[in-house]
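Everything below concerns the one structure shown next.
The values are calculated or read from the model by the stated rules, or taken from the named source; none is laboratory data. Nothing here was measured: the structure is a model prediction, and the numbers come from that model. Positions of Cβ are backbone-derived with ideal geometry, glycine not excepted, and every protein chain shown enters the neighbour counts. SASA here: full protein model, heavy atoms, side chains in, ligands and nucleic acids out. Shrake-Rupley method; radii C 1.70, N 1.55, O 1.52, S 1.80 Å.
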Amino acid sequence: MRKEKINDKGFSLVELIIVIAIMALLVVVLAPQYLKYVERARNAMDLQNATTIVNAIQIYAADPQADPPITAVDTNGQKITINAEGTASEVSSNNATLIAALKNAGIDINNMHCVSKTAWTSYEITVNVSADGNVSFAYQSSGGAAAEAFADMMAGAGNNDGVEENP
């Protein structure tokens, strides 16, 4: 009686199909979560950029040697608009005071873009200066599913990601 040598090297076709099916199932389950995390990161970047702009203006306003100084006469109601990628962001009326405040902080507003894809497509920061020199800000966003959430998040409310949670 002759014994034939059985070749047990490698995987069978059934084993490979099972592994591919398990991987496909993992992708189907994990891909939506991954995309949600990516969008949260984009929204957080927009919030961080807006916070950086606000902080730069507040620091500039507090500097007694700032030239030109931030005053209610030339700054009140001025807007800083951050648009989606591909379009230039701007400071309304090219306000020299706000441009100086941002430039002093090393912020190039023309290279800053709104990166959110679903929550909002652009956002505005309105600078208000009272007669006594106090600076306050109003926030507004447009487009997207959670556009109204931008102002809430900048005020410290909300879930800080702009992504709607589905129960």
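Among the listed residues Ala88, Ala61, Ala84, identify the single one that is open to solvent by less than 70 Å² (accessible area, probe 1.4 Å) and farther than 24 Å from Trp120 by Cβ.
Working: Ala88 fails: farther than 24 Å from Trp120 by Cβ; Ala84 fails: farther than 24 Å from Trp120 by Cβ.
Of the residues listed, the single one that is open to solvent by less than 70 Å² (accessible area, probe 1.4 Å) and farther than 24 Å from Trp120 by Cβ is Ala61.
Within the stretch 6-50, being more than 20 Å from Glu85 (Cβ to Cβ) and in contact with a helix residue (DSSP H, G or I) (Cβ under 9 Å, 6 or more places away or on another chain) holds for one residue alone: Phe11.
For the stretch 88-101, filtering for residues that are out of contact with any His (no Cβ under 8 Å at 6 or more places or on another chain) and in a loop (DSSP other than H, G, I, E, B) leaves 2.
Conditions tested, residue by residue: (1) over 16 Å from Gly77 (Cβ atoms); (2) at pLDDT 90 or above; (3) not basic (Lys, Arg).
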site: Glu90; (1), (2), (3): no, no, yes
site: Ser93; (1), (2), (3): no, no, yes
site: Leu98; (1), (2), (3): no, no, yes
site: Ile109; (1), (2), (3): yes, no, yes
site: Val115; (1), (2), (3): yes, yes, yes
site: Ala131; (1), (2), (3): no, no, yes
site: Gly144; (1), (2), (3): yes, no, yes
site: Pro167; (1), (2), (3): yes, no, yes
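Restricting the search to the stretch 64-81, which residues are in a loop (DSSP other than H, G, I, E, B) and either on the phi > 0 side of the Ramachandran plot or open to solvent by 30 Å² or more (accessible area, probe 1.4 Å) (or both)?
Within the stretch 64-81, the subset in a loop (DSSP other than H, G, I, E, B) is 64-71, 76-77.
Answer for the stretch 64-81, where residues must be in a loop (DSSP other than H, G, I, E, B) and either on the phi > 0 side of the Ramachandran plot or open to solvent by 30 Å² or more (accessible area, probe 1.4 Å) (or both): Pro64, Gln65, Asp67, Pro68, Pro69, Thr71, Asn76, Gly77.
Within the stretch 102-141, the set of residues being farther than 14 Å from Ala50 by Cβ, open to solvent by less than 50 Å² (accessible area, probe 1.4 Å), of a type in the set (Gly, Ala, Ser) and in a strand (DSSP E or B) is empty. When Val28, Val54 are checked against the criterion of being free of Cβ contacts under 8 Å to residues at least 40 places away in the same chain, of a type in the set (Val, Ile, Thr) and either assigned to a helix (DSSP H, G or I) or open to solvent by less than 50 Å² (accessible area, probe 1.4 Å) (or both), Val28 stands alone in meeting it.
Report yes if Ile99 is of a type outside the set (Ser, Thr, Tyr), open to solvent by less than 30 Å² (accessible area, probe 1.4 Å) and under 21 Å from Phe137 (Cβ atoms), otherwise no. Spell out the reasoning first.
On the way: of a type outside the set (Ser, Thr, Tyr): yes; open to solvent by less than 30 Å² (accessible area, probe 1.4 Å): no; under 21 Å from Phe137 (Cβ atoms): yes.
In short, no.
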